[in-house]
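Note sheet for the following structure.
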Amino acid sequence: MLLIFTLLLACQDEGRDREVEFRAANQSVEVQVRGKLSATPDRFDQATLWLHRGEGWVGPYRPRTGSEGPRLIGAELRLSFNRPAGSAGNQPVPQPGDEVQLLIPGEEMKELERVQEKLSRSRLRYWVQQLEGVRHPEADPDHLQAVRERLADRFRALGYQLEAQAFRQPEYEGVNLIARRPGSRHPEKAWILSAHYDTVAGSPGADDNASAVAALMCLAEALAPLQFETSIWFIAFDGEEAGRAGSRAFVQQPALRNTQVLGVLNLEMIGYADASPNSQLTPPGFELLFPEALGWLSMRDWRGDFLTLIGNTASSQLVANIKKALARHLPELPLLDLEVPGNGSMAPDLRRSDHSSFWDAGIPAVMFTDGAEFRNPNYHAASDLLETLDFAFLENNALAVLFALAELAGPARAVSLAQGRL
């Protein structure tokens, strides 16, 4: 039996509507895309098709090759997709109500100038404005829910595969937002970029953690037209202020076993800087664990105008790779890198964000931070407001994360994105 569904989809490459017709028969999917595409014909054989079924995304469906391979006839692209490799023969085909994504890689991105333009201070400020305010399930549940919906709507509009993971921990009930872009070569492997969007009860949380979520969303916007060799997941965690409830729930979910998480870049307060001497403090025991870092801070007169990168023993290679990327792209960026022994039990103050949930799960993870209360006097206070942030500093930090993630995830290609619901 041949099922034909027709829908209008928005292609992100040129911002125009495309008519896409899906024909599903047996274990294959026929696709016709009518309208000019920016990708060159040799890229069509790298296209992937994803279907949403049940609780997750099914895929990737890959194009057939040879005489049944991709054909470009005038302004019409025709592709035939096989069922995903390794399926047991019962892989679902499109049905009414299914969400569908068609990804067609374009030319490899040699430079990231166009992407950098979307990481402007004005856009970062916009997102902090959208987020600022108490985001707490008891102190202000309405604003917490409004922020959650605003983030989810934006992820969907950008074409990411969005999962809202509701969780219940003894101390907190919340929702993690997981936005996925499958990799072109290794969709089963993923890099994670994360930031928590909740606050403590008494703080509007501009630095903690709207600054980091603003960077997360700007990076999601900037990278939306690109597809990397490995998958990228943008995660807005809930419940970090309640003992990392959201990230602990995330690493415990069975579905994670089907993905090899290559590493996590967690953003925690990245918008506050103070170039005054003696504006930077350190946690207890810092001088014993990090004598070289202590010397570096002393040489800089303890000025709090640098970004800190924190990893653990198992994340040492990830830290080294990030440092290499930043040395190449942002050599003037003041960066302090710290490696805590084991899982950080000897330095508990350096565990206090969602990266440590991944450390405990044996997954390489790092935290980018401005130092929290060891620099910012507004930490967890009503005075943690937008006007206290340094947006030039925040912009540089967002760029640092961009370059690190782009190098880690592999060469990026521009992508024509068709998405919609059957």
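The numbers here are math on the coordinates, done by the rules we state, and not lab data. Predicted, not measured: the structure shown is a model, and the values here were computed from it. Methodologically, a virtual Cβ is constructed for each residue, glycine included, from the backbone with ideal geometry; neighbour enumeration extends over all protein chains shown.
Summary table
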read-out	value
Cut-off 15 Å between beta-carbons: net charge of the residues surrounding Leu288, Lys and Arg +1, Asp and Glu -1	-4
18 Å Cα-Cα reach of Lys324 towards aspartates and glutamates, excluding residues that sit fewer than 8 places from it in its own chain	Glu111, Glu332, Asp337, Glu339, Glu407
Peptide ranges 347-358, 62-73, 144-155 listed from the most packed, as the mean C-beta count within 10 angstrom indicates	347-358, 144-155, 62-73
Förster radius 60 Å - calculated FRET efficiency between Leu72 and Gln169, Cβ distance, rounded to 0.05	0.70
Summed side-chain charge close to Ala146 - residues other than Ala146 whose Cβ falls under 15 Å, Lys, Arg +1, Asp, Glu -1	-3
Summed residue charge, Cβ within 11 Å of Glu240's Cβ, Lys/Arg positive, Asp/Glu negative	-2
Nearest-20 debye value, the range 341-419 charge dipole, Cβ charges on Lys, Arg, Asp, Glu	300 debye
